[in-house]
């Protein structure tokens, strides 16, 4: 059996509906993974960003890990490649979070 046929059979068994399986095949999903440590840092950063008036649901989120901290950037999802700083449409926001106890080290809007 071909892998796509096996996938379809598994989907049908799991979902119980050919229509649901067909929809999933027509709308492929992209898998993204992050570590638990990065998740907790993003969670802490999201609280800090929200506290500063940032609607995190409208931003693209980047995480950079250092030795004892994680820098989380909430950025304009439409920022042109190569442009530094915030766009005229949205101010970017950056938070550095300790990965030891997940307290906020610093946070600021990016100019």
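The values are calculated or read from the model by the stated rules, or taken from the named source; none is laboratory data. Bear in mind that the values here come from a model prediction, so they are computed numbers and not experimental data. Don't worry about glycine lacking a Cβ; one is built from the backbone with ideal geometry, like all the others, and counts go over all protein chains shown.
Evaluate the following for residue 47: is it at pLDDT 95 or above and within 22 Å of residue 111 (Cβ to Cβ)?
On the way: at pLDDT 95 or above: yes; within 22 Å of residue 111 (Cβ to Cβ): no.
Criteria not met by residue 47.
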Unmet criterion (only one of (1) over 20 Å from residue 107 (Cα atoms); (2) within 23 Å of the chain's Cα centre (by Cα); (3) at pLDDT below 90) for residue 6: (2)
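What are the residues in region 22-58 that are in contact with a helix residue (DSSP H, G or I) (Cβ under 8 Å, 6 or more places away or on another chain) and assigned to a loop (DSSP other than H, G, I, E, B), if any? Outline the logic, then answer.
Taking region 22-58 and keeping what is in contact with a helix residue (DSSP H, G or I) (Cβ under 8 Å, 6 or more places away or on another chain), we get 24-25, 34, 46, 49-50, 56.
Residue satisfying the conditions is 34 alone.
Look through 60, 64 and report the one residue that is within 16 Å of residue 36 (Cα to Cα), under 19 Å from the mean Cα position of the chain (by Cα) and surrounded by fewer than 16 Cβ atoms within 10 Å (Cβ to Cβ). Working first, answer last.
Working: 60 fails: within 16 Å of residue 36 (Cα to Cα).
Of 60, 64, the one residue that is within 16 Å of residue 36 (Cα to Cα), under 19 Å from the mean Cα position of the chain (by Cα) and surrounded by fewer than 16 Cβ atoms within 10 Å (Cβ to Cβ) is 64.
If you check residue 38 against the conditions, is it modelled with pLDDT of 75 or more, over 19 Å from residue 108 (Cβ atoms) and buried (at least 16 other Cβ atoms within 10 Å of the Cβ)? Talk me through it step by step, then tell me what you get.
Details: modelled with pLDDT of 75 or more: yes; over 19 Å from residue 108 (Cβ atoms): yes; buried (at least 16 other Cβ atoms within 10 Å of the Cβ): yes.
So residue 38 passes the test.
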Subset tally (residues that are under 14 Å from residue 107 (Cα atoms) and in contact with a helix residue (DSSP H, G or I) (Cβ under 9 Å, 6 or more places away or on another chain)) for region 74-85: 1
